[in-house]
1. Can you pull out every residue in segment 92-110 that is without any contact (Cβ under 8 Å) to a residue 40 or more places away in the chain and open to solvent by less than 10 Å² (accessible area, probe 1.4 Å)?
2. Quick one: in segment 183-235, which of the residues that are outside any loop (DSSP other than H, G, I, E, B), within 18 Å of the chain's Cα centre (by Cα) and within 21 Å of Asp283 (Cβ to Cβ) is modelled with the highest pLDDT?
3. With the condition kept exactly as written, say whether any residue in segment 145-157 is under 18 Å from the mean Cα position of the chain (by Cα), hydroxyl-bearing (Ser, Thr, Tyr) and open to solvent by 10 Å² or more (accessible area, probe 1.4 Å).
4. Of all residues in segment 27-62, how many are hydrophobic (A, V, I, L, M, F, W, C), open to solvent by less than 70 Å² (accessible area, probe 1.4 Å) and assigned to a helix (DSSP H, G or I)?
5. For residues that are over 16 Å from Tyr93 (Cα atoms) and in a loop (DSSP other than H, G, I, E, B), tally how many sit in segment 289-311.
6. Looking only at residues that are in contact (Cβ under 8 Å) with a residue 60 or more places away in the chain and over 20 Å from Met275 (Cβ atoms) in segment 119-143, which one is most open to solvent (accessible area, probe 1.4 Å)?
7. Being open to solvent by 10 Å² or more (accessible area, probe 1.4 Å) and under 17 Å from the mean Cα position of the chain (by Cα) is the requirement here; does Thr305 meet it?
8. Across segment 224-248, what is the total count of residues that are open to solvent by 20 Å² or more (accessible area, probe 1.4 Å) and touching a Gly at 6+ places or on another chain (Cβ under 7 Å)?
Amino acid sequence: MDTPDQADNHHRNNRAEAQSVFRELQNTLPFRLLLRGFLGATKYMPVWLLRLSGRLVVPVFISFNFRNYRAIRRNLARIRPGLKKLASLRMAYGVFRDYAFYLIDLFYLSHDSRRLDEYEFRITGMENLEQALSSGRGIVLLAAHLGNWELGSLKLCLKDKKIHVVFAPDSSSLLESQRRFLRSADGVQEVPLRDGGFSSLKLLRVLQEGGVVALQGDRLTFDRGITVMFFGQEALFPKGPVKLALVSDSIVLPVFIPITGYKSYEIIVEAPVYMETGEGVTDDVKTNLQKIITIWETYIGRYPTQWFTFMPFWEDDKKELARK
């Protein structure tokens, strides 16, 4: 799971990434010291003061990441057609602001597990998870980089099943160590995503045994992807999660964890998506993925400033950027 300042190292097939200056600087001593200073601040400062500080710092951050800011505006134009320029500027600022809030909560919570009691979580659709569990089949909890996805496995821990959380290790070791806290709850098993397919074999076995796997489906990590319609235009999504569900005869549950206020989140478990088969492997993947992406459109459209994608996402936009 990636930061806006590090267009993912694994997106080798995405030549049109809007790379950030901070990706180049993140392993330098000044940047590491700055990050450690931020970590120290989240240990002692209240969240309201951290949020206020974040709002003030965001414009400076944008000035160093203007390519990402421009890419976000392109994405917002796809999500909200006809968006006026001033509204687009404000909403693009909102993406960086909400990402700052996500990082503040991530770092703040990582210091002491008891701090989680200060937060309010409303779970919607728990009956959908219970329905899927009662089937005895494997379950794929499929999330996007929306809101604070790290909290999902922490709050949805099951009594008799481990949730196997799939993640791409962050290239910043400090950020990865803080995220690790939110994946360290009882009943959670970490599965780092590596090149070579060994992770997929492990996940397949878990699902075939009726287990639960949680992963994200909007980043091309070791996956060439497949194009589906997304807000009326072709976009590339990884095919791995759907192929995994098809091969293991598992149920997909789309999950969303938006920020709903100050120290407040909602965990939304959508209705089960059952995999359809019979048209051929590629067609099956595309058909089933399109069903899931249609659901995602609803929530990304509802929370556009919380979909943390900092590069052009649609194919036409990628090609245009590549020509520049």
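1. Of everything in segment 92-110, just one residue is without any contact (Cβ under 8 Å) to a residue 40 or more places away in the chain and open to solvent by less than 10 Å² (accessible area, probe 1.4 Å), namely Ala92.
2. Per the criteria, the residue is Phe230.
3. Just the residues of segment 145-157 that are under 18 Å from the mean Cα position of the chain (by Cα), to begin with: 145-156.
In the following step, the residues that additionally are hydroxyl-bearing (Ser, Thr, Tyr) were identified as 153.
This time we only want the ones that are open to solvent by 10 Å² or more (accessible area, probe 1.4 Å), so: 153.
Checking segment 145-157: at least one residue is under 18 Å from the mean Cα position of the chain (by Cα), hydroxyl-bearing (Ser, Thr, Tyr) and open to solvent by 10 Å² or more (accessible area, probe 1.4 Å).
4. Going through segment 27-62, the residues hydrophobic (A, V, I, L, M, F, W, C) turn out to be 29, 31, 33-35, 38-39, 41, 45, 47-50, 52, 56-58, 60-62.
The next check asks that each one be open to solvent by less than 70 Å² (accessible area, probe 1.4 Å); those that pass are 31, 35, 38-39, 41, 45, 47, 49-50, 58, 61-62.
From the residues that got through so far, the ones that are assigned to a helix (DSSP H, G or I) too are 31, 35, 38-39, 41, 47, 49-50, 58, 61-62.
Number satisfying all stated conditions: 11.
5. Step one: of segment 289-311, the residues over 16 Å from Tyr93 (Cα atoms) are 289-302.
Cutting the leftovers down to in a loop (DSSP other than H, G, I, E, B) gives us none.
Residues that pass the stated criteria total 0.
6. Within segment 119-143, the match that is most open to solvent (accessible area, probe 1.4 Å) is Arg122.
7. Numbers: open to solvent by 10 Å² or more (accessible area, probe 1.4 Å): yes; under 17 Å from the mean Cα position of the chain (by Cα): yes.
Criteria met by Thr305.
8. Matching residues across segment 224-248 total 2.
The values are calculated or read from the model by the stated rules, or taken from the named source; none is laboratory data. All values derive from a computational prediction rather than experimental measurement. Cβ sites come from the backbone with ideal geometry, for glycine too, and all protein chains shown count toward neighbours. Heavy atoms of the whole protein, side chains included, go into the accessibility calculation; ligands, DNA and RNA do not. Shrake-Rupley method; radii C 1.70, N 1.55, O 1.52, S 1.80 Å.
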